[in-house]
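Worksheet: one structure, shown below.
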Amino acid sequence: MELIQSVRECQLWRRQITGSVGLVPTMGALHDGHLSLIRAAVRACNHTVVSIYVNPTQFGPREDLSAYPRTLERDLSALRNLQVSAVFLPEDREIYPDDYSTFVSEGELSLRLEGQSRPGHFRGVTTIVSKLFNIFRPDYAYFGRKDAQQLRVIRKMTKDLNYDITIVDCPTVRDINGLALSSRNQYLTKNEQLRAAVIFRALSEGKELFEKGERNAGILRKVIEARILTEPLAKIDYISIADDVSLTEFEGEITADALISLAVFFGPTRLIDNLNLPLKI
Ligand code: PAF
C-alpha cells in the first residue's frame, strides 16, 4: 500500500498502473461504513485508492473543523488489511495553495436541506471531489447512502461536468441500535449514543406507515417528529420528505419515489440520516 502526499506523485502513480481504479474519498476517522465502501471497491476494481483529507472548505466558520476526529495511525492499520493500492494523505497547502481560487458548485440540489442549514458546505464537497476525480481519474467512485444529499449532488456534478466515472452508492451501516455510523458519533457520550437510536426508530416508523399506504407527507413528518420528541436530548434541525431525485419537498400527497431525511442535534453534535420511500415496492 503506497502512501502518497503530493498531487504530482498521485498523477505519476496513476500513469503507471493498468486496469480499473476505484476511488473512496474519506475524511478519515474510518469506521465500518467507510470499510464497506472500500471492500466494495476492492471487490470490483483492480486498484483501490483511498483519500484521507479533512477538507476545510466544506466546514462552515462555526463548525467542527478543528475538533473533527483525526485517527491516522488507526485508519492506516485498518486499510493495510484491505488490499488498498494507495492512500492519498495531502496537507492543506497541497490541495489549497495560498493563491487557490477555483471552486465547483452545483446550483440546484445543493441549495436544499443540508444546503439551507450549512451554506457553502456542498461547494466545498464538490470542489474537493472534483479535484480528486481530476487527480486520480478513477473509473468508479464510492459514496455512502447515509449522506443522501451529498450522493445526489455528486452524481449531478459528475453528469454535468461529463466525468466518465461511475458513482457507486453503498448501504448505510448501522450500529446494533440502528444509529447510522458516522465519524461524528465519536462526539456523543455513551448515553447520547444510546438515545440517538430514536432517529432510526422514527425514520422506520415513518417508512412503515408509508408502506401501509399513508401518502400524506405532512402526516408522515408529524409522526417522525413526535417520535423524535419523545427523546428530551434531541433537537430537530429539519425533517424532510422530498422527491427522491429533485429533493423538492412534498407538501401534500407523495406522488413519486421519496426520501425521508433529517438532521437532529444531540447536544452540540449534529446527526443526519435518511430512508428511501419507493412508491412501488
Ligand atoms: O463524505 C465525506 O466524508 C466527505 O464529504 C468527502 C466526500 C470525503 C469529501 O470531503
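Some points to look at:
- Normalised contact order of the chain, rounded percent, pairs of Cα under 8 Å and 6 or more residues apart: 17 percent
- Sorted on the mean count of surrounding Cβ atoms within 10 Å across their residues, most packed first, peptides 227-234, 191-198, 127-134 read 127-134, 191-198, 227-234.
- Scaling against 2.2 N^0.38 Å puts the C-alpha radius of gyration of the chain at 1.02.
- Under a Gaussian network description of the chain, with springs only between Cα atoms under 10 Å, the residue in Val84, Val49, Val24 that fluctuates furthest is Val84.
- Interatomic Cα distance distribution for segment 95-252, bins of 5 angstrom, percent: 1, 8, 14, 17, 19, 16, 12, 8, 4, 1, 0, 0
- Leading residue at positive end of dipole, the chain (Cβ point charges), from Val7, Gly60, Leu72: Leu72
- With contacts taken as Cα pairs under 8 Å at a separation of at least 6 residues, segment 208-269 carries a relative contact order of 35 percent.
- 3J(HN,Hα) from dihedral phi, segment 211-223, Karplus parametrisation 6.51/-1.76/1.60, rounded to Hz, x for glycine, proline: 5, 7, x, 5, 10, 8, 4, x, 5, 4, 4, 5, 5
- Note on the chain: with a GNM built from Cα contacts shorter than 10 Å, the maximum mean-square fluctuation among Leu82, Leu37, Leu262 falls on Leu82.
- Here, segment 88-182 is characterised by an Rg to Rh ratio of 0.99, where Rg is the alpha-carbon radius of gyration and Rh the Kirkwood radius.
- Couplings 3J(HN,Hα) of segment 255-260, computed from phi: 10, 8, 3, 10, 10, 8 Hz, in residue order, whole Hz [Karplus 6.51 cos²θ - 1.76 cosθ + 1.60, θ = phi - 60°; x for Gly and Pro].
- Within the listed set Asp175, Asp32, Asp243, the residue fluctuating most in the Gaussian network model of the chain (springs between alpha-carbon atoms under 10 angstrom) is Asp175.
- Exposure proxy for Glu211, Glu94: other Cβ atoms within 10 Å of each Cβ, ordered fewest to most, give Glu211, Glu94.
- Each Lys and Arg Cβ is given +1 and each Asp and Glu Cβ -1; about its Cα centre, segment 46-133 then shows a dipole of about 220 debye.
- The calculated FRET efficiency for the pair Ser246 and Ala226, based on their C-beta separation and a Förster distance of 41 Å, comes to about 0.90.
- Modelled this way, with points 7 Å down the Cα-to-C-beta line, the labels at Asp98 and Tyr238 are 3.9 nm from one another.
- Folded to 0 to 90 degrees: helix 148-160 orientation relative to the chain principal axis, Cα: 50 degrees
- From least to most packed, judged by other beta carbons within 10 angstrom and beginning with the fewest, Ser20, Ser182, Ser85 follow the order Ser20, Ser85, Ser182.
- Other-chain or far-sequence residues with amide H under 5 Å of Ile165's (modelled H): none
- Compactness of segment 227-281 as Cα Rg over 2.2 N^0.38 Å, two decimals: 1.27
- Rounded to whole Hz, the Karplus (6.51, -1.76, 1.60) HN-Hα couplings of segment 28-43, x for glycine and proline: x, 6, 5, 10, 4, x, 4, 5, 5, 5, 5, 4, 4, 5, 4, 5
- Think of segment 168-266 as a dipole: +1 on every Lys or Arg Cβ, -1 on every Asp or Glu Cβ, centred on the Cα centre; then among Ile241, Phe266, Pro171, Phe266 lies furthest on the positive end.
- Across the alpha-carbon set of segment 66-135, the Rg to Rh ratio works out to 1.04, Rh being the Kirkwood radius.
- For segment 1-140, the relative contact order comes to 36 percent (Cα pairs under 8 Å, sequence separation of at least 6).
- Remark: the Glu214-Thr255 segment gains 13.6 nm on full extension, using 0.36 nm per residue and subtracting the alpha carbon distance.
- Helix-only mean residue ellipticity at 222 nm for the chain, each DSSP H run of n ≥ 4 adding -39500 (n - 2.57), per residue, nearest 500: -10500 deg cm²/dmol
- Note on Asp160/Lys190: beta-carbon distance plugged into 1/(1 + (r/R0)^6) with R0 of 30 Å gives a FRET efficiency of 0.10.
- Descending semi-axes in whole angstrom, ellipsoid equivalent of segment 1-103, from the Cα gyration tensor: 24, 18, 11
- Label zone of Gln116 (point 7 Å out along Cα→Cβ, amide N under 11 Å): in segment 147-180 this covers no residue at all.
No lab work stands behind these numbers, since they all come straight from the coordinates. Not measured: the values here are computed from a predicted model. When we count neighbours, we look across all protein chains shown, and the Cβ atoms used for this are built from the backbone with ideal geometry, even at glycine.
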